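Below: the structure, in structure tokens.
No lab work stands behind these numbers, since they all come straight from the coordinates. Because the structure is predicted, anything quoted here is derived from the model rather than measured. Cβ sites come from the backbone with ideal geometry, for glycine too, and all protein chains shown count toward neighbours.
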């Protein structure tokens, strides 16, 4: 069998190389290279996300657990309420005394829309369905303006012990029993915070209604709620 001349082999190789180079420089070639790079980057990001997602989820869970303990104080246990909620409510949990199992209240995660994005908040609700406290977990409001709903402690503090359907007070007078003031210059952020708290209170009412306690349990719960109110007043 006769061998192909070396110069012929080199010619074919050069033609292939030239063809590949021409394709690479063409619009289609550039698009193919870009597509391949995008695919590889997407796969790399997916692998990183797959590897780190459990750790991130665990960290967020620990942060939330720590925030719930901070809001209620002491050693607490919590379990998720098996209900579906509409936005801005994300989830809700029962909060109980870790030792006795007595219901302390509810903690509701809400994410109302503020001026620059969602404001992720934990709203602690007493067993008597009044606000115990609020903690902002994450927000992207304008620094020094919208963020004042967190930095100015009086704003969140005025929600304590208030019940459902909290409203904004008149600009011409002091807030009444179930009213709150907004932060000057951060009205939209203040209203989002208010929306989140009201949504959390409604979620807590819904959870309580779904439990349908017996008359005896209701009477016991009322006594505990009154006692809790007195303790909260002294703590405040």
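What Kirkwood radius, in Å to one decimal, follows from the Cα pairs of the stretch 81-190?
15.1 Å
Go through 74-80, 39-45 and give me the packing order, highest mean Cβ count within 10 Å leading.
So the peptides 74-80, 39-45, ranked by packing, come out 74-80, 39-45.
Relative to a virtual label point 7 Å from the Cα of residue 210 in the Cα→beta-carbon direction, which members of the stretch 68-88 show backbone nitrogen distances below 20 Å?
Residues 77-88 qualify, since their backbone N sits under 20 Å from the label point.
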